[in-house]
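S.K.: What follows is a structure written as structure tokens; I'll ask about it next.
The values are calculated or read from the model by the stated rules, or taken from the named source; none is laboratory data. All values reported here derive from a predicted model rather than from experimental measurement. When we count neighbours, we look across all protein chains shown, and the Cβ atoms used for this are built from the backbone with ideal geometry, even at glycine.
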Amino acid sequence: MRDHIPVVVQGSGRRVRRAGAAGVLWAAAELTVTVGVVVLLLVVHQVWWTNRQAVAAAHEQVRALERAWGDGPPGHGAGAVPTALPGPTSGPTSGPGAGSGSDSVSGPAAGPAASPSGGPAGTAPRRDGAYAVLRIPRLGLVVPVAQGIDKRAVLDKGYAGHYPGTAGPGERGNFALAGHRNTHGEPFRRIDRLRAGDELIVDVRGRRHTYVVGKVLPETTERDTGVIAPVPRSVVKPGYGYDEPGAYITLTTCTPEYSSKYRLVVWGTLRS
């Protein structure tokens with residue numbers, strides 16, 4: 001009977017090691033692709049889907065306001081006009097949380113309690129509730145205006161947020177608004193295209209207030225509270241702003257796009 005002599009195949013261990021390394025690389029590649037797909041889906045959700053949701057909801061809110069105001073054209077409706085803000089917004093109005101990443105300027109309220117309409121006494125709108133409509137013909141923009149600049153309760157809905165403590169529409173002082181530049185409806189994405197003479201129209205039940213763009217501050221810090229003062233003037237770049245009391249409107253948003261590092265500011269004055 002012949003003895004079985006084991007056959008040694010040289011290099012088999014090397015092939016096993018190579019196969020193991022290839023498996024690890026393949027698993028790493030699959031994980032990378034999976035993570036990439038998840039990140040892509042998150043980006044699509046944030047940049048595209050949230051925009052669709054916010055725009056649709058904001059447009060429905062505009063229609064709801066117009067239905068509540070009646071069928072007549074803005075400026076000719078009837079009914080009580082809200083006058084008093086019911087207190088501070090539900091979100092922060094000062095400190096890092098108020099401005100950082102929310103397209104607004106952070107700091108204390110810029111003036112005395114505001115009247116949203118400047119009209120006769122009536123029932124005040126609820127906190128964070130939409131009470132007006134901002135129209136910018138040059139941009140084809142129609143967006144509801146709500147009290148406060150809370151990110152979740154106001155800005156993420158695709159609304160323009162009315163800074164607490166600033167003047168109401170049509171009033172002397174500074175009617176100051178914040179809005180997203182990107183995502184969540186991004187109503188203020190194109191305000192960098194506004195030029196002197198462009199109209200900014202604010203409709204409140206029974207009243208229409210038309211402002212005319214006068215000046216643009218391309219970039220300032222989120223702490224530049226001077227831009228929403230009753231007489232708006234940048235405290236960071238004092239060459240930008242106004243010197244005389246009047247009836248102003250201020251639009252603030254983040255700049256550059258897809259960043260919250262700085263603020264872009266557009267100012268207008270009430271057409272007499």
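S.K.: Is it fair to say Asp150 is outside any loop (DSSP other than H, G, I, E, B) and of a type in the set (D, E, K, R)? Don't jump to the end; show me each part of the working.
M.R.: On the way: outside any loop (DSSP other than H, G, I, E, B): no; of a type in the set (D, E, K, R): yes.
No.
S.K.: Checking Pro232 against (1) touching a residue at least 60 places away in the same chain (Cβ under 8 Å); (2) surrounded by 18 or more Cβ atoms within 10 Å (Cβ to Cβ); (3) out of contact with any Lys or Arg (no Cβ under 7 Å at 6 or more places or on another chain): exactly one of these is not met. Which one?
M.R.: (1)
S.K.: Among the residues of the stretch 205-224, is any crowded, with 21+ Cβ neighbours inside 10 Å and more than 19 Å from Tyr163 (Cβ to Cβ)?
M.R.: Yes; the residues of the stretch 205-224 include at least one that is crowded, with 21+ Cβ neighbours inside 10 Å and more than 19 Å from Tyr163 (Cβ to Cβ).
S.K.: Enumerate the pairs (first residue in the stretch 218-229 and assigned to a strand (DSSP E or B); second residue anywhere and surrounded by fewer than 20 Cβ atoms within 10 Å (Cβ to Cβ) and among the aliphatic types (A, V, I, L, M)) with beta-carbon separation below 8 Å, excluding pairs fewer than 6 apart on the same chain, so at least 6 apart or on different chains.
M.R.: The qualifying pairs are Thr220/Val236.
S.K.: Another question, if that's okay. Quick check: anything in the stretch 199-216 without any contact (Cβ under 8 Å) to a residue 40 or more places away in the chain and in contact with a Pro (Cβ under 6 Å, 6 or more places away or on another chain)?
M.R.: no
S.K.: For the stretch 239-255, how many residues meet the condition of being exposed (fewer than 14 other Cβ atoms within 10 Å of the Cβ) and either closer than 23 Å to Gly168 by Cα or within 23 Å of the chain's Cα centre (by Cα) (or both)? Quick ask: steps written out before the conclusion?
M.R.: Filtering the stretch 239-255 for residues exposed (fewer than 14 other Cβ atoms within 10 Å of the Cβ) gives 239, 243-245.
So of that shortlist, the ones also either closer than 23 Å to Gly168 by Cα or within 23 Å of the chain's Cα centre (by Cα) (or both) come out as 243-245.
Qualifying residue count for the region: 3.
S.K.: Report, by residue number, each residue of the stretch 221-239 that is in contact with a Leu (Cβ under 8 Å, 6 or more places away or on another chain) and over 10 Å from Trp267 (Cα atoms).
M.R.: Across the stretch 221-239, the qualifying residues are Ser234, Lys237.
S.K.: I'd like to check something: does the stretch 185-196 contain any residue that is touching a strand residue (DSSP E or B) at 6+ places or on another chain (Cβ under 7 Å) and farther than 25 Å from Asp156 by Cα?
M.R.: Scanning the stretch 185-196 turns up at least one residue that is touching a strand residue (DSSP E or B) at 6+ places or on another chain (Cβ under 7 Å) and farther than 25 Å from Asp156 by Cα.
S.K.: Follow-up question, since we're still on this one. Of all residues in the stretch 195-206, which are at pLDDT 95 or above and either within 29 Å of Gly129 (Cα to Cα) or among the charged types (D, E, K, R) (or both)?
M.R.: Of the residues in the stretch 195-206, the ones at pLDDT 95 or above are 195-204.
Correct list: Arg195, Asp198, Glu199, Leu200, Ile201, Val202, Asp203, Val204.
S.K.: For the structure I just gave you, tell me whether Gly268 is in contact with a strand residue (DSSP E or B) (Cβ under 9 Å, 6 or more places away or on another chain), surrounded by 15 or more Cβ atoms within 10 Å (Cβ to Cβ) and in contact (Cβ under 8 Å) with a residue 40 or more places away in the chain.
M.R.: In short, yes.
S.K.: Are any of the residues in the stretch 129-147 assigned to a loop (DSSP other than H, G, I, E, B) and either under 21 Å from Glu219 (Cα atoms) or among the basic types (Lys, Arg) (or both)?
M.R.: no
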